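S.K.: Below are the C-alpha cells for one structure; questions will follow.
The values are calculated or read from the model by the stated rules, or taken from the named source; none is laboratory data. Just so we're clear, the structure is a prediction, and the values are computed from it rather than from any experiment. Cβ placement follows ideal geometry from the backbone for every residue including glycine, while neighbour counts extend to all protein chains displayed.
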Amino acid sequence: MAQHDDGVGGHGPAATDAPGSAVVLSDDAGTGVVPTDAIINPGFPPHNPRQTNLDPAKEKRAERQVAILFFLSIIGSVFALAAYMAFPITSDFGSIRLNNMFLGMGITLGLLGIGLGAVHWAKQLMREDESVEYRHGTRGTEATREKAVEVFELGNEESGFGRRTLIRNSLIGALVLTPVPAVALFRGLAPDTDPIKLLQHTMWKAGTRLTHDPTGIPIKASDVTLGSAFHVIPEGLNERSDALEQKAKAAVLLMRLKPEDLHVSPSRKTWNYEGIIAYSKICTHVGCPVALYEQQTHHLLCPCHQSQFDITHEARVIFGPARRPLPQLPITIDSEGYLIARSDFHEPVGPDFWERNL
Ligand code: FES
C-alpha cells in the first residue's frame with residue numbers, strides 16, 4: 001500500500017506527536033504501529049489472608065465442612081442406588097414418577113456434594129495468593145520434567161491432598177460411588193433374559209394361527225386371493241403383556257402367488273400352501289419393517305434403505321444393503337382351513353447378530 005506523510009488521500013493514519021500510536025514509514029509494505037504509551041503493570045493487589053490462614057481452629061472447621069460435603073455426596077449416591085431398587089418402574093405411571101424423582105434427588109446430591117466440596121476446599125484451604133507464571137518454551141527437557149514433578153509435589157503440598165487424609169479419602173469415596181447409580185441405570189436398559197435366546201426365537205410355533213394385524217382375526221387360506229398381501233401377527237399376541245416386543249420379532253407378510261411362479265428349494269417344498277407364502281417383515285439390514293409389496297414384480301421393498309427381496313426366489317436380496325434373505329415362516333392349514341405355522345422361522349429374524357449362521 002502506498003504511504004502518505006500528510007495523512008490526506010492515503011488509507012493509513014497520519015503521523016502525529018500526540019500520545020497514542022505513531023505511524024512508522026518503512027520500505028517494506030504495510031504500516032507498523034508502535035505503541036508509545038504502554039499500560040503500566042499495576043501489580044498484584046495487597047494480599048489479605050483468610051480466616052483459615054490465621055486461625056488453625058477455623059482451618060480445621062473448614063476441613064470438616066469439606067469432608068461433610070463429600071460425605072453428603074456419598075449419601076446421595078447410595079440413596080440413588082437404593083431408590084432405584086426400592087422404586088422399580090412398573091406399568092404404573094406413578095412408579096415412573098417416584099423412580100425418577102428419588103433417583104434424580106440422589107444423583108443431584110451426589111454430584112452437588114462433590115462440586116460444592118471441591119469449591120469450598122479451593123476457596124478456604126488451598127493456597128490463594130496470586131502469582132505470575134511467565135510463558136516459556138514447551139520442550140520437554142529433563143529440567144522441565146523435574147520442574148513439573150516439583151510443581152506437582154508443591155501443588156500436593158499446598159492443597160494438602162496427601163496430608164489431609166480425611167478430605168482425600170472422603171473425596172475418593174465420593175468419586176468412586178458417584179458413577180454407581182449409572183451402572184444400575186444402564187443395567188436396567190438391558191433385557192432380563194439372555195439376549196441371544198431372546199433374539200433367536202419368536203412366539204411362532206407349530207399350530208399357531210396366522211391372524212390379521214392389528215385385529216388378531218384368524219386368516220383362512222380361502223381369504224388370501226391371488227396377488228393380495230396381508231400384514232400378519234401370531235394368534236394370541238394382543239393378549240400378551242409384552243405384545244410390542246413380541247410383535248417386533250414375529251411380524252409377517254403373507255402373499256399369494258401362482259404356485260408355478262415360486263422357485264423353492266426341495267427342503268422348502270412344504271413351507272407354502274398352494275402359493276401362499278409367509279416371510280418375516282423385519283428387514284435383515286437393520287430391522288425396519290419391510291412393508292411394501294410390488295404385486296407385478298413380486299418384490300418386497302424396505303423403505304429405510306431400499307433393500308429389495310424377491311419372494312419368487314425365497315426372498316433373496318436383489319438390491320440394497322441387506323445381506324440375507326428374509327426368513328421364511330413355514331405354513332399350512334388346520335382342519336378348519338385357517339392358516340397356521342408349521343414351526344417358528346427357520347432362522348433368527350432381523351439384522352445380523354453374532355449367533356446367526358452365515
Ligand atoms: Fe431395510 Fe436398511 S433396514 S434396507
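S.K.: Return the residues of region 131-149 that are assigned to a loop (DSSP other than H, G, I, E, B) and over 42 Å from the mean Cα position of the chain (by Cα); say none if nothing qualifies.
M.R.: Ser131, Val132, Tyr134
S.K.: What pairs come up if the first residue lies in region 277-306 and is at positive phi, the second is more than 10 Å from the ligand (Cβ to nearest atom) and assigned to a loop (DSSP other than H, G, I, E, B), and their beta carbons are under 8 Å apart, counting only those six or more places apart or on different chains?
M.R.: His298/Leu257
S.K.: Another question about this same structure. Only one residue in Trp271, Trp204 is assigned by TED's automatic domain parsing to the domain that holds Asp310, surrounded by 12 or more Cβ atoms within 10 Å (Cβ to Cβ) and touching an Asp or Glu at 6+ places or on another chain (Cβ under 7 Å). Which one?
M.R.: Trp204
Results for (1) surrounded by 10 or more Cβ atoms within 10 Å (Cβ to Cβ); (2) among the basic types (Lys, Arg), shown as yes or no for each residue.
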site	(1), (2)
Arg145	yes, yes
Val151	yes, no
Arg164	yes, yes
Arg168	yes, yes
Thr178	yes, no
Leu185	yes, no
Leu189	no, no
Thr193	no, no
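S.K.: Only one residue in Pro303, Pro321 is exposed (fewer than 14 other Cβ atoms within 10 Å of the Cβ), under 32 Å from the mean Cα position of the chain (by Cα) and near the ligand (Cβ under 9 Å from one of its atoms), so which one is that?
M.R.: The unique qualifying residue is Pro303.
S.K.: Looking only at region 310-327, which residues are more than 17 Å from Gln296 (Cβ to Cβ) and among the acidic types (Asp, Glu)?
M.R.: The answer is Glu314, and nothing else.
S.K.: Being under 21 Å from Arg209 (Cβ atoms) and β-branched (Val, Ile, Thr) is true for just one of Ile282, Ile318. Which residue is that?
M.R.: Ile282
S.K.: Still on this model: Being surrounded by 13 or more Cβ atoms within 10 Å (Cβ to Cβ), assigned to a strand (DSSP E or B) and small (Gly, Ala, Ser), is that true of even one residue in region 209-224?
M.R.: No; the residues of region 209-224 include none that is surrounded by 13 or more Cβ atoms within 10 Å (Cβ to Cβ), assigned to a strand (DSSP E or B) and small (Gly, Ala, Ser).
S.K.: Related question: From Phe345, Phe309, Phe353, grab the single residue that is closer than 26 Å to Leu198 by Cβ and at pLDDT below 90.
M.R.: The unique qualifying residue is Phe353.
S.K.: Name the residue, out of Ile277, Ile333, that is buried (at least 20 other Cβ atoms within 10 Å of the Cβ) and β-branched (Val, Ile, Thr). Steps first, answer last, please.
M.R.: Working: Ile333 fails: buried (at least 20 other Cβ atoms within 10 Å of the Cβ).
Answer to the check: Ile277.
S.K.: Take Ser267 and decide whether it is free of Cβ contacts under 8 Å to residues at least 40 places away in the same chain, away from the ligand (no atom under 13 Å from the Cβ) and closer than 14 Å to Arg209 by Cα.
M.R.: The answer is no for Ser267.
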